[in-house]
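Structure first, then comments.
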Amino acid sequence: MFLVCTRRCGGTLFRALFAEVEVDAVGAYQDHRVAQPGYVCLNCGSPALDLGEVPAALEADARQEEAETAVMAEVLCPVCETRVQLDANMECPNCGSPLEVA
Ligand SMILES: [Zn+2]
Ligand SMILES: [Zn+2]
């Protein structure tokens, strides 16, 4: 088991969402067990991911992100020569000139 925050905030403490805690007669913690997987980062509150459980799924995600980044076209703004990644926004973020895909 290896939990990481899905926002990668660097938090190292997590809370199990579905844990059953065993207590003694005065309510003092004795033991616990996790009823089903489900963790949140205590630092930022984001869901946590068990890398020990899903390395394959995570790798697939990372590969897909890489592929999406790779197909993003880059153009040079004809006015100010800023390198701009083309997406929904077809204006130069630097000078506001309209851009054309070559
Ligand atoms: Zn976090
Ligand atoms: Zn420009």
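All of the numbers you see were taken from the coordinates with simple rules; none came from a lab. Everything numeric here is computed off the predicted structure, so don't read it as measured data. Every residue, glycine as well, gets a Cβ built from its backbone with ideal geometry; the counts of neighbours run over all protein chains shown.
For residues in the range 2-45 being on the phi > 0 side of the Ramachandran plot and of a type outside the set (K, R), which is farthest from ligand 2 (Cβ to nearest atom)?
Kept after step one, since they are on the phi > 0 side of the Ramachandran plot, are these residues of the range 2-45: 8, 10, 27, 38, 45.
Narrowing the set further to residues that are of a type outside the set (K, R) leaves 10, 27, 38, 45.
Numbers: G10: 36, G27: 66, G38: 47, G45: 39 Å.
Step by step, filter the range 2-45, then rank; the result is G27.
Restricting the search to the range 1-52, which residues are more than 16 Å from ligand 1 (Cβ to nearest atom), part of a strand (DSSP E or B) and surrounded by 12 or more Cβ atoms within 10 Å (Cβ to Cβ)?
A19, H32, V34, listed by residue number.
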